[in-house]
Amino acid sequence: MSVLGNKKTIIGKIKYTNAWPIFHYFDPSTLQEPASMVSEVPSFLNQGMSDGSIDIGGLSSFAYGLSSEQLLLLPELSVSADGPVKSILLFSRKPLDMMEHGTIALTNTSATSVNLLKILMSKALGVHPTYITTEPNLEDMMSIADAALLIGDNAIKASWEDHGYVVTDLGAWWKEWTGYSMTFAVWAVNRSAVLRKPEAIAEIVEALQESKARSLANLKPLVEEACSTVGGTAEYWDKYFKNLCYDFGERQYEGLQLYFRYAYELGLVQHEIHMEIWDHKMLAWVKE
């Protein structure tokens, strides 16, 4: 689907719980410019941002890197962690440094975490296991592999189970190894959309930032919704949301830049990635 002839701006919404604060108070129907929103897993949104069928929204950091020449990052919006992320988890039967000849089942829903794992296994441990991609079900994954990577709500639910596996938090591992924050999802806009409808894009960016601020000022509505739809306790979800960082500033930029450098060195991306951030000055530039 192309939006070139579509008067509506198409907005991509990450359906995972970790992105809720940015979208909780965001309502496309209140925008001055017509817009509609699609709520999906990152892999679907990644494709939409790449092929232009989605104008603006959230996507995996790695997917942004693959399409960085046609996308602009939005300021102060991300899903990041300066340490444990609690929802990007590797479950294994044995210590990871014993996985040289092992097999790891990967989730098929996000590229950022998959490639972060490959970076950590290769550069931090010097281990090169076999990787297979499967549906995100821990029991099924562990029936055909020595370890399994889960993300988002699937990882959270699996972390509550008493399964006896070694659980490695990729955010904590990255922080311990590099000293940097890790950004798992970013918000971006297609350059073509900025040229076609700069005012609409500016309005959406402001509304997303406002939703984030309102959500973080009072997490109770999000905590209650998480308890009722996903499960778990209010205490768990309160700590979960407070642990994550939803900003995208200098610290997140530097951590993501290092991630992209390692991805390029390992051949996970075919070109060096230069991140460019949208700002309101572009609105004036487009109008000239």
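Throughout, read-outs are computed from the coordinates displayed, never taken from laboratory work. This structure is a prediction, so every number in the text was calculated from the model and none was measured. Neighbour counts are summed over all protein chains in view; Cβ atoms, including those assigned to glycine, are modelled from backbone coordinates with ideal geometry.
For the reader, a short list of remarks on this structure follows.
- Of Lys13/Lys197; Lys86/Lys220; Lys94/Lys220; Lys13/Lys86, those spanning more than 31 Å from alpha-carbon to alpha-carbon: Lys94/Lys220
- A simple charge model with +1 on the Cβ of Lys and Arg, -1 on the Cβ of Asp and Glu and nothing else charged puts the dipole of the stretch 88-178 at about 320 debye relative to its Cα centre.
- Residue by residue, the stretch 125-141 carries 3J(HN,Hα) couplings of 10, x, 10, 10, x, 8, 10, 10, 9, 9, 5, x, 10, 4, 4, 5, 5 Hz when phi is fed to the Karplus relation 6.51 cos²θ - 1.76 cosθ + 1.60 (θ = phi - 60°); x denotes Gly or Pro.
- Relative contact order of the chain, defined on C-alpha pairs under 8 angstrom at six or more residues apart (%): 28 percent
- Considering only Val79, Leu116, Leu96, the residue lying farthest towards the positive end of the dipole of the chain is Val79, judged by Cα position with unit charges set on Cβ.
- Relative contact order of the stretch 18-167, pairs being alpha-carbon contacts under 8 Å that are 6 or more residues apart, as %: 26 percent
- Cβ-placed point charges (K, R +1; D, E -1), dipole of the stretch 1-106 about Cα centre in debye, nearest 20: 340 debye
- Restriction of the chymotrypsin sites (Phe, Trp or Tyr not before Pro) in the stretch 96-186 to DSSP coil positions whose beta-carbon has at most 15 other beta-carbons within 10 angstrom yields Trp160.
- Summary of packing: across the peptides 71-82, 202-213, the per-residue average of other C-beta atoms within 10 Å ranks them, highest first, as 71-82, 202-213.
- You can think of it this way: the chain between Thr133 and Glu235 has 33.4 nm of extra reach, that is 0.36 nm per residue less the Cα-Cα gap.
- Relative to the longest principal axis of the Cα atoms of the chain, helix 220-229 runs at roughly 60 degrees.
- With Cα atoms, 0 to 90° folded angle of helix 250-265 axis to the chain main axis: 60 degrees
- In degrees, nearest ten, helix 198-217 long axis to first principal axis of the chain (Cα): 50 degrees
- Around the Cα centre of the chain, unit charges on the Cβ atoms of Lys, Arg, Asp and Glu (plus for the first two, minus for the last two) sum to a dipole of about 240 debye.
- Label selected from (i) 0.94; (ii) 0.97; (iii) 1.03, the criterion being Rg/Rh (Cα atoms, Kirkwood Rh) as computed here: (ii)
- Expressed to the nearest 5 percent, the antiparallel share of DSSP beta bridges inside the chain is 60 percent.
- Peptides 120-126, 258-264 ordered by packing proxy, namely the average of other Cβ atoms within 10 Å per residue, highest first: 258-264, 120-126.
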